[in-house]
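The structure under discussion appears below in the form of structure tokens.
The values are calculated or read from the model by the stated rules, or taken from the named source; none is laboratory data. These numbers come from a predicted model, not from an experiment. Virtual Cβ from ideal backbone geometry, glycine too; neighbours counted across all protein chains shown. Please note that ligands, DNA and RNA were not included when accessible areas were found on the heavy atoms of the full protein model with its side chains. Shrake-Rupley method; radii C 1.70, N 1.55, O 1.52, S 1.80 Å.
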Amino acid sequence: MENQSYLAGFTPYPREIVEKYTAEGWWGTQTIGDSFDELVGRHPDKTAIIDEGKRLTYAQFQRMINAFAAALLDIGIKKHDRVLIQIPNKHEFIVSYIACQKIGAIPVLAVSSMGRVEISYIIELTEPSAWIVAERDGSKEFPHMVRPLVESAKKPIKVVYLMESGDPVANYGSPDDTFSYDEIIRKAEAAGHPADYLDRFRPDPNDVAHLLITGGTTGLSKAVPRTHNSYLANVRATNARFGADSIFYLCTPIGHSMALDGAIGGNIWQGNTLVITRKYKTADILAAVSQQKVSVLRVVPTQFIGMLDFPDLYSYDLSSLKSFMTSGAALGPDVAAKAYEFCQKIGCTFYWSGYGSSEGPSTKHIIGESMEKSLTSVGVSMVPGNRWTVVDENEEELPSGSTGELVVKGPSVFTGYFKSPNNREIFTRDGYYKTGDLGKIDEEGYIYITGRRKDIIQRGGETLAPQEIEHVLVNHPAIAQIAVIGMPDPYMGERACAYVIPKPGTSLTFDEMIDYLKGLEVGKLMWPERLEIIDAMPLTDIGKIDKKALRKDISDKLEKEGKLAAT
């Protein structure tokens with residue numbers, strides 16, 4: 001380990017921690033690519049992927065992955081090169097992801113809905129050597145966004161397009177840096193590389209496996225480095241309750257940690273069959289469960305509520321469904337009651353939403369726990385070896401039942417953000433990651449969230465950084481000052497609300513604000529869903545904008561408007 005070179009900008013785990021976690025059995029010697037190859041050896045003919053009617057066995061999937069890994073090497077991608085992957089829910093996303101793992105390249109995971117502003121910052125932060133991107137996603141076309149960003153990047157970026165139109169990829173750039181996904185795979189297959197060709201490029205299990213993009217606690221997005229071992233620790237714990245014969249259904253964005261830990265993780269580590277969809281409407285989800293005999297379904301609360309309230313819910317054959325769960329936000333008592341009624345009716349197990357983050361901390365609920373704990377807590381620690389505790393403002397550990405900041409360390413917890421100069425600030429002196437959430441832990445180990453220090457918005461399973469939205473809107477010619485906050489919403493959990501002081505002699509409407517964001521090609525996730533025009537910002541004692549007062553103001557207004565009723 002002493003001679004191992006790691007990705008620059010990543011903080012490696014100390015040698016003594018690697019030895020401890022390995023000795024305890026929490027970490028192993030496998031990479032993500034090793035784990036997948038082991039599955040192929042066990043059941044090569046088992047169905048790995050069902051993608052809109054296309055079925056791939058594990059052996060077929062492996063051939064695709066190995067060919068694409070060789071293709072990346074052929075176009076010049078090397079160990080530790082970052083590879084930005086922006087593909088909608090398609091099996092090619094997973095092919096690209098595992099192919100990078102085989103050669104030690106680092107996938108940077110982006111969702112399809114991200115626009116020019118978000119991607120521009122990700123490119124600046126991670127400096128990718130390649131960008132694997134869909135030609136289009138529905139009506140959204142990517143080439144007009146890709147080319148200007150590639151041309152303005154600090155270092156050369158090779159673009160690999162997943163083509164759909166049948167047009168030549170040469171329309172989108174130079175043949176030296178623009179490639180067709182299918183064409184480079186065909187060339188790699190024709191090259192006839194030996195069976196052990198990729199073995200020489202195998203990365204170290206304690207080096208970075210991927211970079212996840214998160215809203216972070218302040219400012220612009222951050223990149224979260226996860227090693228093969230820390231990621232697999234999450235995956236094993238997340239999927240331990242499911243058998244290898246499970247059929248997972250992926251109906252949430254494929255580039256999120258929720259998908260990566262859950263449905264994709266089960267596919268990589270446990271050998272489950274994975275059904276992929278790009279259709280998120282309730283009828284489409286129910287039809288897929290019925291037709292593909294899905295047994296494990298994980299959705300965000302908004303999808304969950306839509307299903308429970310769907311008029312024709314019980315007209316579908318849902319008898320295959322054995323496990324139903326939500327992630328991304330807590331469920332209210334009324335929704336929870338509907339969930340139990342639904343699961344009892346079709347004979348499946350309902351798993352409550354726990355706590356999870358891209359940084360690695362995660363919790364779970366235990367079957368048979370009391371309804372009170374299910375409703376009021378986020379469960380208990382999920383990953384073996386992780387330790388949660390509560391500290392005061394001086395980072396001193398508090399006794400059971402006391403309220404303070406929740407902190408955690410262990411095999412699944414990251415070591416700090418990529419290229420961040422402030423990593424020391426997010427860990428205690430004892431090495432615990434500060435979650436930014438306030439809470440308490442009872443004597444049985446159940447964790448309760450009582451508030452948060454982090455200024456973030458949890459919108460339907462998405463984590464948004466208000467400062468990132470403010471950073472874009474503050475340049476609007478009519479805005480003198482802006483503060484973006486999360487406003488409560490019974491359906492999405494929270495939505496973004498912009499409080500604005502206009503410049504003298506100007507005015508601003510909600511539509512004008514949205515048109516401005518559209519003109520900058522800002523992704524929809526960063527669009528505020530309400531605008532409040534005010535004359536002055538409330539301030540704290542030290543002169544900062546008092547967002548707590550703004551959140552109370554919008555909550556009071558929503559209550560008067562009758563928009564806080566439980567769904």
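Before moving on, here are some points about what is shown:
- Under Stokes-Einstein, with the Kirkwood radius over Cα pairs as Rh, the value for region 432-495 at 25 °C and 0.890 mPa s is 175 µm²/s.
- Assuming charge only on the beta carbon of Lys and Arg (+1) and of Asp and Glu (-1), the dipole of the chain about its Cα centre is about 520 debye to the nearest 20.
- The residues of region 417-504 expose on average 41 square angstrom of accessible surface per residue, using a 1.4 Å probe on protein heavy atoms.
- Alpha-carbon gyration tensor eigenvalues x 5, square-rooted, for region 388-531, Å: 36, 17, 14
- Per-atom-type breakdown for region 406-510 gives carbon and sulfur 49% of the accessible area (1.4 Å probe, protein chains only).
- Globularity index of region 340-403, i.e. its alpha-carbon radius of gyration over 2.2 N^0.38 Å: 1.40
- Accessible surface ranking for M371, M325, 1.4 angstrom probe, highest first: M371, M325.
- Whole-Å distance, taken between Cα centres, linking region 433-490 and region 17-36: 34 Å
- Normalised convex hull volume, the chain, alpha-carbon set, Å³ per residue: 166 Å³
- Whole-Å semi-axes of region 153-197's equivalent ellipsoid (Cα gyration tensor): 23, 16, 8
- The gain in end-to-end length when the A240 to E396 segment is fully stretched comes to 52.8 nm, 0.36 nm per residue minus the alpha carbon separation.
- Shape call, region 44-132: gyration tensor on alpha carbons, a/c limit 1.5: oblate
- Shape call, region 141-294: gyration tensor on alpha carbons, a/c limit 1.5: rounded
- Among 195-203, 295-303, sorting by the average number of other beta carbon atoms lying within 10 angstrom of each residue, highest first, gives 295-303, 195-203.
- Rel. contact order, % - alpha carbon contacts under 8 angstrom, at least six apart, region 73-112: 55 percent
- Per-residue [θ]222 nm for the chain (sum of -39500 (n - 2.57) over DSSP H runs n ≥ 4, rounded to 500): -9000 deg cm²/dmol
- Relative contact order %, the chain, counting alpha carbon pairs below 8 Å whose residues are six or more apart: 13 percent
- Whole-percent P(r), region 214-346, all Cα pairs, 10 Å bins from 0: 11, 40, 34, 13, 2.
- Scoring 401-408, 165-172 by mean Cβ neighbours within 10 Å over their residues and listing the highest first yields 401-408, 165-172.
- Whole-percent carbon and sulfur share, accessible surface of region 186-285, 1.4 Å: 51 percent
- The spread of Cα positions in region 479-521, taken along each principal axis and listed from longest to shortest, comes to 37, 22, 13 Å.
- Ordered from highest to lowest accessible area with the whole protein assembly present and a 1.4 Å probe, K373, K338 read as K338, K373.
- Taking every C-alpha pair closer than 8 Å and separated by at least 6 residues, the mean separation divided by the residue count of region 311-411 gives a relative contact order of 19 percent.
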